[in-house]
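Asks: Take a look at the following structure, please.
The values are calculated or read from the model by the stated rules, or taken from the named source; none is laboratory data. Please read these numbers as outputs of a predicted model, since none were measured by experiment. Don't worry about glycine lacking a Cβ; one is built from the backbone with ideal geometry, like all the others, and counts go over all protein chains shown. The protein model used for the area step is the full one, side chains on, heavy atoms only, and it has no ligands, DNA or RNA in it. Shrake-Rupley method; radii C 1.70, N 1.55, O 1.52, S 1.80 Å.
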Amino acid sequence: MLRKGITESFGAAIHALNTSQLTDGVINRSKRMMLDTLGVGLLGTRTAVFNKALKYSQLFTSQERSSVWGKSDIILPPHYAAFVNGIAVHSMDFDDTWHPATHPSGAVLPALLALAETLPSQPSGLDLLLAFNVGIEVQGRLMRFSKEAYNIPKRFHPPTVVGVMGSAAASAKLLGLSPEQCSHALAIAASSAGAPLANAATPTKPLHIGNAARRGLEAARLAQIGLKGNPAILDLDSGLGVYYKDYSPSAMADSAVRAYKWILEDQDVAFKRIPAHLGMHWVVDAALAAREKLQKAVGKFDLSQIRHVTLRVPPSKYVNCPLPATEHQARHSFQFNACTALLDNEVTVASFGDAHIGRSALKELLGKVSLETPEDNLPSFDKMYCEVEIAMHQGPSYKARCDTFYGHWRKPLTLKHLVEKFSVNASSVLCTEGVEGVIDVIGNIERVAECSILGSYLTMTSNQERLDRMRIL
C-alpha cells in the first residue's frame, strides 16, 4: 500500500526542527541519555568484541579522522569511529532502553561525535543536542508505526531497524541537509536496516548498534553528495513496512509549530543498573527481595536448604537461557540473573565473568530453577513483572514480585545515581580530569561553544597525558 507524503514529512521535519523548539524537559532527559551512553561506551572499550572490531577497523584509513573513545593514540575514518564506539556502547548490554522497545542513544551519539570532528565549522553543544534529539525523535515516531514494536521483540533487533534511521536523521541534521536530502538519507539507511534476533546473546549483537551508527552516518553523507533512494520509503509496505506485520505509518508532526511536542517529553527512557538485558532488572529485584525475606526468617542464605526456585516471567524465548555458558548468554538469562542475585545478594559487572559463570554453586542452584509464564504477564517493558519464589526443604516458601524496577521510566534513577554510574564506568578508562570534564561538558552542553571539547575529555586516559597537553597548549 502507498500512503502519500509520510517520508516527505519526515524529511521536512528533520530539516526544519530548530534549537528554540527544545524544551527544558527534553534537554534534561537527553543530557542524561548522553552521559549514560558515554559511560557505558567507555567501559565497553575494555571488552573483547570492541577490541576485535577496533583491530579490524584499523585496517582502514582516510583523510578524515575521528576519535575512538578512551583511546588517546587511535584515530579512525569517521564511519569506523562511529562503528567501534557504537559497539562499545552495546558491548555489555548496559545502554538505555526506550518504549516501544529499542536502545535509542547508542545508534545516534557515536555517529554525531564522529561526524562533528570532520566538519569545517565546529558545531556548538546546542547543535549537537538538537541533532541528537532529532535522531531520537525519528526513532520514536517510527516505532509507533506498529503495535508489534511495543512488545519485547521476536524477529528483528529494534536498533537495527529504527536505530540506523535515527543515525541517518541525526547526521543529516548536523550536516544541514535539505528536506529532500534528508528524505533520501532515510531511504538509503533503510537498505542497511534489519538484523535477526537470533544473534542476540552472542558477541555479534553489539555490532547491531555499531552498524546502525555507521550506516546511518554513511547514508547521510551519501545523500549529501547526491545519492538518492525511494522518496516514499516510509510510505510503503515494501519499504520500512517489511519489518512489521501491522505497519501503519503516519506523517511526522508539523515542525513549523513553535511548541513542537517531542516524544521524549512524554516517554522517558530506562537506565540500567546492571549490564544485562532490560528484563533482567525485574527478576534481579524480585530475587533480592525474596532473598531478604528468607534471610530475615532463617538468619542466612543456605543453598543446601533450597529445594526449588520458581521464576514467573513474561514469555520471551531469547531471554530464557537455563544454563548459560558465555557472558552474552548470561546477560540474556532470567535464570542466571535470578540465581546470581540469590547467591551473591547483588549483580554487578563482575558477575558476568567466566569465573562467576562457571561456579559450582551457581550451577547447582540453576538446576533447581523452573520458569513459568503466567497469562497476565505480558511481553512488554511497560507491562511485564517478575516474581521469584524460593521453596525450602523445610518450612514455608519465600516469594517476592517486582512490577517496576529502580531505573525504569516509571521509577527513574536520580541524577546523583546516574552520575555515580557514569563515574564508575568512565573511571575504568579515563583519568579523573577526563571523567569530571565529561560530566561538566554534558551538564552544560547547551551552553558549550564547540562540542569538540567533549572529544578531548573522552580520550584523556591519564594524568600524564593531561599535563603533556597543557605543555603543548
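Asks: Checking the conditions here, which among R273, R221, R258, R307 is touching a Gly at 6+ places or on another chain (Cβ under 6 Å), of a type in the set (K, R) and either more than 29 Å from I152 (Cα to Cα) or not in a helix (DSSP H, G or I) (or both)?
Replies: Exactly one of R273, R221, R258, R307 is touching a Gly at 6+ places or on another chain (Cβ under 6 Å), of a type in the set (K, R) and either more than 29 Å from I152 (Cα to Cα) or not in a helix (DSSP H, G or I) (or both), namely R273.
Asks: Hey, another quick one. Go through segment 1-19 residue by residue and tally those that are modelled with pLDDT under 95 and open to solvent by 60 Å² or more (accessible area, probe 1.4 Å).
Replies: So the answer is 3.
Asks: Also, I was wondering about something else. Only residues that are assigned to a loop (DSSP other than H, G, I, E, B) and β-branched (V, I, T): list them for segment 439-460, please.
Replies: V448, T459 - these are the residues of segment 439-460 that are assigned to a loop (DSSP other than H, G, I, E, B) and β-branched (V, I, T).
Asks: Which of the following residues is open to solvent by less than 50 Å² (accessible area, probe 1.4 Å), of a type in the set (D, E) and farther than 26 Å from D93 by Cα: D246, D268, D235?
Replies: D235
Asks: Also, I was wondering about something else. Is one or more of the residues making up segment 240-263 of a type outside the set (G, A, S), touching a strand residue (DSSP E or B) at 6+ places or on another chain (Cβ under 8 Å) and farther than 21 Å from L17 by Cβ?
Replies: Within segment 240-263, one or more residues are of a type outside the set (G, A, S), touching a strand residue (DSSP E or B) at 6+ places or on another chain (Cβ under 8 Å) and farther than 21 Å from L17 by Cβ.
Asks: Then there is this: Do the conditions hold for K31, that is, is it over 30 Å from T326 (Cβ atoms), in a helix (DSSP H, G or I) and either of a type in the set (A, V, I, L, M) or in the same structural domain as K154 (by the TED database) (or both)?
Replies: Yes.
Asks: Let me ask another. Consider V388 against the criteria (1) within 30 Å of L303 (Cα to Cα); (2) open to solvent by 10 Å² or more (accessible area, probe 1.4 Å); (3) at pLDDT 95 or above: it satisfies all of them except one. Which criterion is unmet?
Replies: (2)
Asks: Within the bounds of segment 207-217, is there any residue that is assigned by the TED database to the domain that holds Q139 and either over 23 Å from the mean Cα position of the chain (by Cα) or farther than 30 Å from V84 by Cα (or both)?
Replies: No, the conditions are met nowhere in segment 207-217.
Asks: If you scan segment 356-385, which residues turn out to be of a type outside the set (D, E), closer than 30 Å to Q267 by Cα and open to solvent by less than 60 Å² (accessible area, probe 1.4 Å)?
Replies: P374, N377, P379, S380, F381, M384, Y385
Asks: If you check K421 against the conditions, is it basic (K, R), open to solvent by 20 Å² or more (accessible area, probe 1.4 Å), at pLDDT 95 or above and more than 22 Å from H90 (Cβ to Cβ)?
Replies: No.
Asks: So, one more: Give me a count of the residues in segment 55-93 that are aliphatic (A, V, I, L, M) and free of Cβ contacts under 8 Å to residues at least 40 places away in the same chain.
Replies: Number satisfying all stated conditions: 5.
Asks: Test V284 against the criterion of being hydrophobic (A, V, I, L, M, F, W, C), under 26 Å from the mean Cα position of the chain (by Cα) and in the same structural domain as A330 (by the TED database), and give yes or no.
Replies: yes
Asks: Could you tell me whether any residue of segment 33-45 is surrounded by fewer than 24 Cβ atoms within 10 Å (Cβ to Cβ) and within 18 Å of A350 (Cα to Cα)?
Replies: Yes, the conditions are met somewhere in segment 33-45.
Asks: From the residues in segment 298-326 that are exposed (fewer than 14 other Cβ atoms within 10 Å of the Cβ) and among the basic types (K, R), which one is modelled with the lowest pLDDT?
Replies: Among them, the one singled out is K317.
Asks: Could you tell me how many of the residues in segment 327-355 are more than 16 Å from C386 (Cα to Cα), buried (at least 23 other Cβ atoms within 10 Å of the Cβ) and among the polar types (S, T, N, Q)?
Replies: The number of residues fulfilling the criteria is 1.
Asks: Something else now. State yes or no: is S66 assigned by the TED database to the domain that holds A201, open to solvent by less than 10 Å² (accessible area, probe 1.4 Å) and touching a Pro at 6+ places or on another chain (Cβ under 6 Å)?
Replies: Yes; evaluated as a whole, the condition is true for this residue.
Asks: Can you pull out every residue in segment 186-216 that is open to solvent by 50 Å² or more (accessible area, probe 1.4 Å), of a type in the set (G, A, S) and assigned to a loop (DSSP other than H, G, I, E, B)?
Replies: S191, S192
Asks: Turning to a different aspect of this structure: What tally of residues in segment 188-215 results from selecting those that are within 19 Å of Y244 (Cβ to Cβ), in contact with a Pro (Cβ under 7 Å, 6 or more places away or on another chain) and at pLDDT 95 or above?
Replies: 2
Asks: Still on this structure, I have one more. Can you tell me which condition A219 does not meet? The list is (1) open to solvent by 10 Å² or more (accessible area, probe 1.4 Å); (2) more than 19 Å from D93 (Cβ to Cβ), and all the others hold.
Replies: The failed condition is (1).
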